[in-house]
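For reference, the structure is listed below as structure tokens.
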Amino acid sequence: MTPSRRYLLISPCRDEAQYLRRTLDSVAAQSVPPALWIVVDDGSSDETPAILDDYAKQLPYLRVLRRADRGGRKVGPGVIEAFYAGLETVRLEGFDYLCKLDMDLDLPAHYFELLMQRMEGDPRVGTTSGKPWFVHPQTGALEPEVCGDEMSVGMTKFYRVACFREIGGFVREVMWDGIDCHRCRMLGWIAESLDTETLRFIHLRPQGASHKGIWTGRLRKGFGQYFMGTSPLYQVAVAVYHLPAYPALIGSTAMLWGYLRSWLKGLPRYDDIEFRRFLRAYQHACLRLGKRAATARINAERAQIWQASHPLPDPR
């Protein structure tokens, strides 16, 4: 029997006229089109509404939802609020897969088909994605963004609907796209991103490049790690590892300061003690064993948790 491949895309966007057409065209060219694509225009003041109106006339699965202008971007929680504004307009049980898709991407033509094939091949894969590449602003060469294999990337979060529901969806805070994958692992699901040429896509705006500049974007990332509950030792190790990444030195310095400043201020953290304990145990294992080995060990240890609540059908 042919598996069902009904997937739902939800795309929060605001003032994306510079990149919008390339994303729209790359989704229109997909080998397996979405069952529904909801683009949430979160108060754009540029040409975004006009471009969306034009494409909505051409793509039968594209639905545009407009929200009032909040007066400025609200990165992190604002993006997820817009995502849920779109999600609340549909019955999620009518779909097999769900993807939070950014509107500054250029995707390969078989992108979603290959992700679904991957998930059909392993029922434990709860969320997956390809890898983002970007055009270096100085050399003009395509380079990979730094992202771990143990995370589906935030700009194309592709989820099995059952997994998305079990983890409780996305947290409405900056580190929503890290918390979700760690919650997947807690429950025995596999979270991943795949580094294969057929799944590499172009991120037209480099990751962490805030609308207010890279320094602000990396500060925000440091706060997000603090909020999630990341171990101080692990945060320092990550900052050292990322020192050569663009922009060299500046990005790591900003991330460390964002984390330390949040700690000094005593800002609130993600209110789930069990999760934070799991996270730190996993991070310390990564420091001892390496991230690949630690992730493999955690996935193996948590397999029984997943199997207990997801018995496989009798093949007879």
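The values are calculated or read from the model by the stated rules, or taken from the named source; none is laboratory data. Being a predicted model, the structure only gives us computed values, none of them experimental. As a convention, Cβ positions derive from the backbone with ideal geometry for all residues, glycine included, and neighbour counts pool all protein chains shown.
Structure values in brief
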read-out	value
Residue list for region 243-252, restricted to those being of a type in the set (Gly, Ala, Ser), in a loop (DSSP other than H, G, I, E, B) and touching a residue at least 40 places away in the same chain (Cβ under 8 Å)	Ala245
Gly140 out of contact with any Ser or Thr (no Cβ under 9 Å at 6 or more places or on another chain), free of Cβ contacts under 8 Å to residues at least 12 places away in the same chain and not aromatic (Phe, Trp, Tyr)	yes
Filter result for Leu256 (farther than 22 Å from Val125 by Cβ, out of contact with any Ser or Thr (no Cβ under 7 Å at 6 or more places or on another chain) and surrounded by fewer than 18 Cβ atoms within 10 Å (Cβ to Cβ))	no
Those residues of region 76-95 which are small (Gly, Ala, Ser), over 15 Å from the mean Cα position of the chain (by Cα) and farther than 12 Å from Val40 by Cα, in sequence order	Gly94
Residue match in region 39-52 (condition: under 19 Å from His203 (Cβ atoms) and within 19 Å of the chain's Cα centre (by Cα))	yes
Scope region 261-304; condition in contact with a helix residue (DSSP H, G or I) (Cβ under 8 Å, 6 or more places away or on another chain), more than 16 Å from Met175 (Cβ to Cβ) and surrounded by 13 or more Cβ atoms within 10 Å (Cβ to Cβ); matching residues	His284, Ala285, Cys286, Leu287, Leu289, Ala294, Thr295, Arg297, Ile298, Asn299, Arg302
Selection within region 9-68 - at positive phi and out of contact with any helix residue (DSSP H, G or I) (no Cβ under 8 Å at 6 or more places or on another chain)	Gly43
Residue in region 216-225 that is in a helix (DSSP H, G or I), among the small types (Gly, Ala, Ser) and at pLDDT 90 or above present	yes
Subset of region 168-199 [assigned to a loop (DSSP other than H, G, I, E, B) and in contact with a Leu (Cβ under 9 Å, 6 or more places away or on another chain)]	Gly169, Ser193, Leu194, Thr196
Failed criterion for Ala56 (all others in (1) within 27 Å of Val174 (Cα to Cα); (2) in contact with a Lys or Arg (Cβ under 9 Å, 6 or more places away or on another chain); (3) without any contact (Cβ under 8 Å) to a residue 24 or more places away in the chain hold)	(1)
Within region 110-168, tally of residues that are over 19 Å from Gly251 (Cα atoms), among the β-branched types (Val, Ile, Thr) and touching a Pro at 6+ places or on another chain (Cβ under 9 Å)	1
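Conditions (1) out of contact with any Ser or Thr (no Cβ under 8 Å at 6 or more places or on another chain); (2) hydroxyl-bearing (Ser, Thr, Tyr); (3) closer than 26 Å to Val32 by Cβ; (4) touching a residue at least 24 places away in the same chain (Cβ under 8 Å), marked per residue:
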{"site": "Ser45", "(1), (2), (3), (4)": "yes, yes, no, yes"}
{"site": "Arg66", "(1), (2), (3), (4)": "yes, no, no, yes"}
{"site": "Arg91", "(1), (2), (3), (4)": "yes, no, yes, no"}
{"site": "Phe95", "(1), (2), (3), (4)": "yes, no, yes, yes"}
{"site": "Leu98", "(1), (2), (3), (4)": "yes, no, yes, yes"}
{"site": "Leu101", "(1), (2), (3), (4)": "no, no, yes, yes"}
{"site": "Pro108", "(1), (2), (3), (4)": "no, no, yes, yes"}
